[in-house]
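For reference, the structure is listed below as structure tokens.
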Amino acid sequence: MIKAGIIGATGYAGGELVRLLTAHKDVEIKWYGSRSYIDKKYCEVYQNMFQIVDDVCMDDNMEELASQVDVIFTATPQGLCASLVNDEILSKVKIVDLSADFRIKDVATYEKWYGIEHKSPQYIEEAVYGLCEINREDVKKARLVANPGCYTTCSILTAYPLVKEGLIDPSTLIIDAKSGTSGAGRGAKVPNLYCEVNENIKAYGVASHRHTPEIEEQLGYAAGKELVLNFTPHLVPMNRGILVTEYATLLPVKKADGSMGLPDYEQVKAVYDKYYKDEKFVRVLEKGICPETKWVEGSNYVDINFVIDERTGRIIMMGALDNLVKGAAGQAVQNMNLMFGLKESEGLELVPMFP
């Protein structure tokens with residue numbers, strides 16, 4: 001039985017981790033960390049855990065926690081994990097960090113976009129970017145995993161095969177993304193109040209959202225060169241979900257008759273199938289079906305599809321996921337499963353909820 005500790009267990013992503021790990025047959029949660037609710041019963045914070053979790057919330061003492069568990073999940077604001085981790089802790093325990101502290105390999109880029117000093121840059125190179133579908137083998141050997149963000153997971157997986165195979169010009173890539181309000185976290189903020197969000201949709205972080213360099217870096221690895229792209233997120237009045245719509249110019253490929261021309265549906269679909277046909281949690285939809293957030297809610301699935309616009313020579317790629325599951329806690333559990341040699345889908349074979 002794997003002993004797990006969660007720092008930040010009372011945030012939305014932390015709460016989702018508790019929900020998933022409580023039902024995981026190979027895991028026992030030993031530590032529910034929360035600065036805001038120390039000594040308060042966890043089920044008093046989340047009433048859905050009444051008579052399921054009787055433990056009280058603890059602090060964020062990572063050194064003490066590392067001596068009691070096998071894996072630590074840090075579902076915390078940026079900067080906290082980096083300020084706590086050290087050599088002694090990493091010698092005792094594996095860490096899955098749900099913040100952005102170890103996602104970006106260039107320290108200066110991290111500090112510029114997040115506006116804080118990185119407290120442990122010596123671990124950045126070692127940290128594995130935990131997008132399992134791309135970095136599975138590296139995750140298996142890792143002791144520190146940087147769990148990707150929700151926008152980034154959806155944005156990267158939706159475009160990755162076409163960038164990797166050179167079917168699109170990545171310098172033309174534009175990503176339009178929508179998120180439910182849980183993506184902003186559980187903290188009280190005026191822009192997230194009911195009256196501010198309901199009956200409204202708005203763009204934010206325009207040309208400045210901090211997930212931009214993460215997407216550029218990871219798709220840059222696929223392209224084999226540095227990328228600069230446009231990423232614009234929007235807030236929509238729903239609890240859960242990410243929907244991305246991505247646009248890019250198609251590049252000529254060799255056709256069956258030996259001529260060069262823009263790829264057709266079958267060629268693009270073949271590329272997606274090459275990368276995802278054996279992936280449990282990535283579903284490439286049938287032709288003409290657009291991804292919708294309601295069909296992935298509560299699950300670890302990502303739904304992806306595309307439409308070729310022959311008139312403009314561009315392709316429209318679409319992806320949908322649940323920001324708290326595959327976009328956060330579910331992906332963290334998927335990473336943990338790989339790190340401990342378990343079946344990758346263990347505890348995550350959740351049928352999407354509807355309605």
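When each of ASN192, ASN230, ASN198 is tested for being in contact with a Ser or Thr (Cβ under 8 Å, 6 or more places away or on another chain), among the polar types (S, T, N, Q), within 26 Å of VAL296 (Cβ to Cβ) and not assigned by TED's automatic domain parsing to the domain that holds VAL85, the lone residue that passes is ASN192.
Among the residues of the stretch 103-125, the one identified as in contact with a Phe, Trp or Tyr (Cβ under 6 Å, 6 or more places away or on another chain), free of Cβ contacts under 8 Å to residues at least 60 places away in the same chain and aliphatic (A, V, I, L, M) is ILE124. Give me a count of the residues in the stretch 165-185 that are buried (at least 19 other Cβ atoms within 10 Å of the Cβ) and more than 18 Å from ALA320 (Cα to Cα). Of the residues in that region, 4 qualify.
I need the full set of residues from the stretch 31-57 which are out of contact with any helix residue (DSSP H, G or I) (no Cβ under 6 Å at 6 or more places or on another chain), over 21 Å from ALA328 (Cβ atoms) and surrounded by 13 or more Cβ atoms within 10 Å (Cβ to Cβ), in order please. Correct list: LYS40, LYS41, VAL56.
Of the residues GLU279, GLU346, GLU246, the single one that is out of contact with any Phe, Trp or Tyr (no Cβ under 7 Å at 6 or more places or on another chain), modelled with pLDDT of 95 or more, buried (at least 17 other Cβ atoms within 10 Å of the Cβ) and acidic (Asp, Glu) is GLU246. For the stretch 177-194, the set of residues classified as under 24 Å from LYS294 (Cβ atoms), of a type outside the set (Val, Ile, Thr) and part of a helix (DSSP H, G or I) consists of SER182, GLY183, ALA184, ASN192, TYR194, listed by residue number.
Candidates ALA4, ALA13, ALA9: the one that is part of a helix (DSSP H, G or I) and either among the hydrophobic types (A, V, I, L, M, F, W, C) or in contact with a Lys or Arg (Cβ under 7 Å, 6 or more places away or on another chain) (or both) is ALA13. Listed conditions (1) of a type in the set (Asp, Glu); (2) farther than 19 Å from ALA332 by Cβ; (3) buried (at least 19 other Cβ atoms within 10 Å of the Cβ) are all met by GLU63, apart from (3). Here is the figure for the stretch 1-40: residues that are among the acidic types (Asp, Glu) and at positive phi total 1. Annotation note: Cβ proximity below 7 Å between a residue of the stretch 35-49 that is assigned to a loop (DSSP other than H, G, I, E, B) and a residue that is not polar (S, T, N, Q) (sequence gap 6+ or interchain) occurs for ILE38/CYS57; ILE38/MET58; ILE38/ASP59; ASP39/VAL56; ASP39/CYS57; LYS40/VAL56; LYS40/CYS57; TYR46/GLY15. Filtered by the rule that a residue be aliphatic (A, V, I, L, M), assigned to a helix (DSSP H, G or I) and more than 12 Å from the chain's Cα centre (by Cα), the stretch 296-355 gives MET336, LEU338, MET339.
Would you mind stating whether TYR129 is under 20 Å from GLU344 (Cα atoms), surrounded by 18 or more Cβ atoms within 10 Å (Cβ to Cβ) and touching a strand residue (DSSP E or B) at 6+ places or on another chain (Cβ under 7 Å)?
Considered against the rule, which asks whether it is under 20 Å from GLU344 (Cα atoms), surrounded by 18 or more Cβ atoms within 10 Å (Cβ to Cβ) and touching a strand residue (DSSP E or B) at 6+ places or on another chain (Cβ under 7 Å), TYR129 comes out as yes.
What pairs come up if the first residue lies in the stretch 280-294 and is touching a residue at least 40 places away in the same chain (Cβ under 8 Å), the second is exposed (fewer than 12 other Cβ atoms within 10 Å of the Cβ), and their beta carbons are under 8 Å apart, counting only those six or more places apart or on different chains? So the pair list comes out as LYS294/PHE354; LYS294/PRO355.
Restricting the stretch 78-123 to residues that are touching a helix residue (DSSP H, G or I) at 6+ places or on another chain (Cβ under 7 Å) and of a type in the set (Gly, Ala, Ser), the residue that is farthest from PRO213 (Cα to Cα) is SER120.
The values are calculated or read from the model by the stated rules, or taken from the named source; none is laboratory data. Computed from a prediction, not measured in an experiment: that's the story for all the values here. Reconstructed Cβ throughout: ideal geometry from the backbone, glycine too, with neighbour counts over all protein chains shown.
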